[in-house]
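Undergrad: There's a structure below that I have some questions on.
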Amino acid sequence: MLHALAHIEYGAIDLAFDMIGRFGQGAPRNFVDDWIKVGADEALHFALLMRRLHALGSGYGELPAHDGLWEAAEATADDRLARLAIVPMILEARGLDVTPLTVSRFESAGDITSARILDRIYHDEISHVATGVRWFEHFCRDQRFDPVPQWRSLVQRHFKGSLKPPFNDSARNAAGLTTDFYITLAANG
Ligand SMILES: [Fe+2]
Ligand SMILES: [Fe+2]
């Protein structure tokens with residue numbers, strides 16, 4: 001679990017800086033600043049998990065890992081709105097849904113150190129989803145798109161997976177990702 005999470009954070013570092021390198025041109029200065037902050041958080045998350053893996057006698061690269069995050073990046077390489085719709089607003093939001101359960105699993109296994117690391121990550125990730133929602137809505141306004149239907153059509157076009165409940169509605173809502181975005185899509189599978 002710790003190795004899988006470290007791999008996700010490693011991918012998240014790349015994704016944050018890819019957002020800047022690929023989509024930062026002509027964007028407001030705050031866009032770049034915000035994703036640098038996200039990238040710095042992801043680097044810290046990766047470092048915390050790597051340190052924990054080392055403390056347990058393992059390390060990053062000791063186990064196989066899947067490439068789902070980067071596949072999502074490739075699928076949205078030409079479209080800034082689609083990248084924002086999928087990476088922070090689906091994949092990072094999914095992290096908010098599953099992390100509380102993972103924290104309690106570490107707690108019941110007696111690994112309080114790992115539980116604390118994940119709890120720290122969880123709170124940072126709420127702000128990453130919020131950053132994604134804020135910029136998605138900003139660029140929608142620029143192009144006179146209605147954010148919710150625009151999000152749905154981008155997700156249907158660019159996202160292969162399905163939106164799986166249960167959703168952590170309170171954490172999603174704290175990030176500005178309100179249920180009107182995702183409820184209908186989830187219900188339609
Ligand atoms: Fe992270
Ligand atoms: Fe993140």
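No value in this document is a laboratory result; all are computed from the given coordinates. Here the structure is a predicted model, which means the values were calculated and not measured. Cβ coordinates were reconstructed from backbone atoms using ideal geometry, including for glycine residues, and neighbour counts include every protein chain displayed.
Undergrad: Kindly check whether there is at least one residue in region 170-177 that is surrounded by fewer than 16 Cβ atoms within 10 Å (Cβ to Cβ), outside any loop (DSSP other than H, G, I, E, B) and of a type in the set (A, V, I, L, M).
TA: Yes: region 170-177 contains one or more residues that are surrounded by fewer than 16 Cβ atoms within 10 Å (Cβ to Cβ), outside any loop (DSSP other than H, G, I, E, B) and of a type in the set (A, V, I, L, M).
Undergrad: Please go through region 106-133 and give me each residue that is surrounded by fewer than 18 Cβ atoms within 10 Å (Cβ to Cβ) and touching an Asp or Glu at 6+ places or on another chain (Cβ under 9 Å), ordered by number.
TA: Hits for region 106-133 are Asp124, Ser127.
Undergrad: Also, I was wondering about something else. Looking at region 141-156, is at least one residue within 29 Å of Phe46 (Cα to Cα), among the charged types (D, E, K, R) and surrounded by 15 or more Cβ atoms within 10 Å (Cβ to Cβ)?
TA: no
Undergrad: So how many residues does region 147-163 have that are assigned to a loop (DSSP other than H, G, I, E, B) and more than 13 Å from Asp79 (Cβ to Cβ)?
TA: Qualifying residue count for the region: 4.
Undergrad: Within the group Ile117, Ile121, Ile126, which residue is in contact (Cβ under 8 Å) with a residue 40 or more places away in the chain, within 16 Å of ligand 1 (Cβ to nearest atom) and more than 16 Å from the chain's Cα centre (by Cα)?
TA: So the residue among Ile117, Ile121, Ile126 that is in contact (Cβ under 8 Å) with a residue 40 or more places away in the chain, within 16 Å of ligand 1 (Cβ to nearest atom) and more than 16 Å from the chain's Cα centre (by Cα) is Ile117.
Undergrad: Could you check, for region 69-80, whether at least one of its residues is among the acidic types (Asp, Glu), free of Cβ contacts under 8 Å to residues at least 24 places away in the same chain, farther than 29 Å from Pro166 by Cβ and not in a helix (DSSP H, G or I)?
TA: The answer is yes, given that some residue of region 69-80 is among the acidic types (Asp, Glu), free of Cβ contacts under 8 Å to residues at least 24 places away in the same chain, farther than 29 Å from Pro166 by Cβ and not in a helix (DSSP H, G or I).
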